[in-house]
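Comments concern the structure below.
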């Protein structure tokens, strides 16, 4: 993102201390964020965290109570939606049922002073880009879910906005169509090179599409980073357990003279910084960082509670002697059954420490 001599953001979007309430309910809490002019940013979080409201205040569909919004270096929080240079694609498509695909795509331009030949040129360009040329005379009721979503995207593209915003646009599609539409959106971003803000609660969408991910929780930003940073270096227990499937295992622990001690007595040896507290620690380990091995080997013992065979891999649900539970990732050929005793080995290079407040502390072991 470029800056001019006064330090004002040029290109993209900048949010400065944004706050928003609905009555007594705070939905955005002093949120600041910068999005580059060619960046694909995904806002990830559970329902109710404020991510859709964030899109709506950028678009001008909701006012803000405090803060500033810049788009392409210009303050816009006082401007109506049509003057902000943004286009939004909604979860529900929002197509006019009595209009053809052609009319739906062109509708937003027909209400402007744009010449008819320019409207026709843009419509032909976007129809070719999204493979809608054969569907232009159909009504929305005659289209599949994926085709309707492409029409909604085309209606946004034809406006040539500075910023595209997507509010959970794939939620109404089946799994196969979601995967294909993800690829289409990623390809579209590469061709257009325009800022895109994509809101979702689906971590697969976030990990596969984003240049950067903003993880939101309880109306605030928990962490911002690349998909790899978010996955490998979660800043909080919330991020660690929200991103990844199966979720990261979190185990209570205490500081030990040799490292950290788990509740079942297992000691993970490591040199810890003095800043790591002695008690109320949590150790995080992802399923792929656990190895299931024969009884009597590994770092600790566990009993198999449940086995999920998923074709190319197996999720093994385990219980330690302390009662703590783990999920390990194993090969598709895993043969143990419920009730079998096994050993578990920890990958010490892939463990994480969190303090009593759920914040990452010290360093990865």
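Below are the figures for this structure:
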| item | result |
| --- | --- |
| Qualifying residue in segment 255-262 (condition: out of contact with any helix residue (DSSP H, G or I) (no Cβ under 8 Å at 6 or more places or on another chain), part of a loop (DSSP other than H, G, I, E, B) and at pLDDT below 95) | yes |
| Count of residues meeting criterion [surrounded by 14 or more Cβ atoms within 10 Å (Cβ to Cβ) and not in a helix (DSSP H, G or I)] in segment 169-187 | 4 |
| Unmet requirement for residue 112, which otherwise passes all of (1) without any contact (Cβ under 8 Å) to a residue 12 or more places away in the chain; (2) assigned to a helix (DSSP H, G or I); (3) within 27 Å of residue 37 (Cα to Cα) | (2) |
| Identity of the residue in segment 317-326, part of a loop (DSSP other than H, G, I, E, B) and touching a strand residue (DSSP E or B) at 6+ places or on another chain (Cβ under 9 Å), that ends up nearest to residue 244 (Cα to Cα) | 324 |
| Test: residue in segment 221-229 that is assigned by TED's automatic domain parsing to the domain that holds residue 37, part of a loop (DSSP other than H, G, I, E, B), more than 8 Å from the chain's Cα centre (by Cα) and touching a residue at least 12 places away in the same chain (Cβ under 8 Å) | yes |
| Residue within segment 235-254 that is in contact (Cβ under 8 Å) with a residue 40 or more places away in the chain, part of a strand (DSSP E or B) and within 15 Å of the chain's Cα centre (by Cα) present | no |
| Given (1) assigned to a helix (DSSP H, G or I); (2) closer than 23 Å to residue 189 by Cα, index of the condition residue 117 fails | (2) |
| Selection within segment 327-365 - touching a residue at least 40 places away in the same chain (Cβ under 8 Å), in a strand (DSSP E or B) and over 19 Å from residue 270 (Cβ atoms) | 327, 328, 329, 341, 342, 343 |
| Selected residue (criterion: farthest from the chain's Cα centre (by Cα)) from residues of segment 137-168 that are more than 18 Å from residue 96 (Cβ to Cβ) and surrounded by 21 or more Cβ atoms within 10 Å (Cβ to Cβ) | 163 |
| Given (1) over 30 Å from residue 16 (Cβ atoms); (2) surrounded by fewer than 18 Cβ atoms within 10 Å (Cβ to Cβ); (3) within 29 Å of the chain's Cα centre (by Cα), number of the condition residue 115 does not satisfy | (3) |
| In segment 338-349, the residues that are at pLDDT below 90 and either in contact with a strand residue (DSSP E or B) (Cβ under 9 Å, 6 or more places away or on another chain) or farther than 20 Å from residue 273 by Cα (or both) | 348 |
| Unmet requirement for residue 98, which otherwise passes all of (1) under 22 Å from residue 165 (Cα atoms); (2) in a loop (DSSP other than H, G, I, E, B) | (1) |
| Of residues in segment 120-136 being surrounded by 17 or more Cβ atoms within 10 Å (Cβ to Cβ) and either outside the structural domain of residue 197 (by TED's automatic domain parsing) or over 19 Å from residue 97 (Cβ atoms) (or both), the one nearest to the chain's Cα centre (by Cα) | 130 |
| Answer residue from segment 261-284, given it is farther than 18 Å from residue 318 by Cβ and surrounded by fewer than 14 Cβ atoms within 10 Å (Cβ to Cβ) and is nearest to the chain's Cα centre (by Cα) among those | 280 |
| Matching entry among 310, 290 (being outside the structural domain of residue 217 (by TED's automatic domain parsing), on the phi < 0 side of the Ramachandran plot and buried (at least 16 other Cβ atoms within 10 Å of the Cβ)) | 290 |
| Sole residue being under 30 Å from residue 35 (Cβ atoms), surrounded by 12 or more Cβ atoms within 10 Å (Cβ to Cβ) and touching a strand residue (DSSP E or B) at 6+ places or on another chain (Cβ under 6 Å), chosen from 90, 107 | 90 |
| Residue 65 vs. criteria farther than 19 Å from residue 211 by Cα, in the same structural domain as residue 155 (by TED's automatic domain parsing) and modelled with pLDDT of 95 or more | yes |
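The values are calculated or read from the model by the stated rules, or taken from the named source; none is laboratory data. Just so it is clear, the structure is predicted and the values come from calculations on it, not from any experiment. Here the Cβ is made from the backbone with ideal geometry for all residues, glycine too, and neighbour counts use every protein chain on show.
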